[in-house]
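Chemist: Supplied in structure tokens, the structure appears directly below.
The values are calculated or read from the model by the stated rules, or taken from the named source; none is laboratory data. As the structure is a computational prediction, the values presented were derived from the model and not from experiment. Every residue, glycine among them, receives a Cβ derived from its backbone with ideal geometry; neighbour counts consider all protein chains shown.
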Amino acid sequence: MDSKQFREAATSAIDEIIQYYDNIHERRVISNVEPGYLKKILPDGPPEEGESWAEIQKDIESKIMPGLTHWQSPNFMAFFPASSTYPGMLGELYSAAFTAPAFNWICSPAVTELETVVMDWLAKLLNLPDCYLSSTHGGGVIQGSASEAIVTVMVAARDKYLRETTEGLSGIELEDAIAYKRSKLVALGSEMAHSSTQKAAQIAGVRFRSIPVLASNDFAMTGDDLEKVLKECKSQGLEPFYLTSTLGTTSTCAVDDFASIATVLSKYAPPDVQLWFALNTII
């Protein structure tokens, strides 16, 4: 595809996307296809020759559209919002054009700095304390998904806890202490929290304990609920290092009692070591 063909195909694709959004309310929100439907109507192997963009667009409408769940439909009211906008699509277009493994500043200065600026904007928009800004010890990074973010946070919490609780050790003594402590680490999460917390614990190689909640509390986790599990973990010789709390759980929209949770955490966290408190927000 040369630049002329790209311009023609892009114009056609944009027209099709606009038409899709203008008429999305007329489409069935969820598909009525059966599992494996797509394999039956696609070739067994990759094509040896390309085909025109017009033919590809026909395939999108006849083969892909019937199997889509239309999350952007005004009639879609399940799971959670996954909004898309025309400005966002334009941004994705530029992102695809400039694509690069921009994993640090030297690889692409503008990408790193723009991410830092935008994350600071978000912190200010949410009226977060200055400790969340890049000008202090804070600053954020954009993750690919909420599940990916929880894994990243839990690994950071694990390593921070191990570093703080083995300070002063070195060599084999340090390695042995870290290996022993890792076998005792336990991540905690509300019974109503998203399953990504438990999955993150599996990836991080730590234990996980679910904190039961009561319907009488609207399924919100309270300090009392947390304290019971913390006592149980301590009695078993386990070391809680991480907690996922929720501001609107995925399944019940429950909002945890943050004040009582914070009080309990300050009481049970080891001396001079913070138990990492992660807030999972469903917006």
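Chemist: Taking the residues in segment 103-116 that are within 22 Å of the chain's Cα centre (by Cα) and either exposed (fewer than 11 other Cβ atoms within 10 Å of the Cβ) or not assigned by TED's automatic domain parsing to the domain that holds Y132 (or both) as candidates, determine which candidate is modelled with the highest pLDDT.
Modeler: N104
Chemist: Here's something else I'd like to know. Kindly indicate the residue of segment 15-48 that is part of a helix (DSSP H, G or I) and in contact (Cβ under 8 Å) with a residue 40 or more places away in the chain and also farthest from A97 (Cα to Cα) among those meeting that condition.
Modeler: Residue satisfying both the conditions and the ranking: H25.
Chemist: When you go through (1) farther than 27 Å from G144 by Cβ; (2) assigned to a helix (DSSP H, G or I); (3) of a type outside the set (G, A, S) one by one for E51, which number turns out not to apply?
Modeler: (2)
Chemist: Now for a separate question. For segment 233-252, how many residues meet the condition of being surrounded by 14 or more Cβ atoms within 10 Å (Cβ to Cβ) and of a type outside the set (V, I, T)?
Modeler: 10
Chemist: Which of the residues that make up segment 163-193 are hydrophobic (A, V, I, L, M, F, W, C) and assigned to a strand (DSSP E or B)?
Modeler: L185, V186, A187, L188
Chemist: Here's a follow-up. Do the conditions hold for A157, that is, is it within 25 Å of L247 (Cα to Cα), small (G, A, S) and assigned by TED's automatic domain parsing to the domain that holds L275?
Modeler: yes
Chemist: Suppose we filter S84, S12 for residues that are on the phi < 0 side of the Ramachandran plot, surrounded by 10 or more Cβ atoms within 10 Å (Cβ to Cβ) and assigned to a helix (DSSP H, G or I); which single one remains?
Modeler: Only one candidate qualifies: S12.
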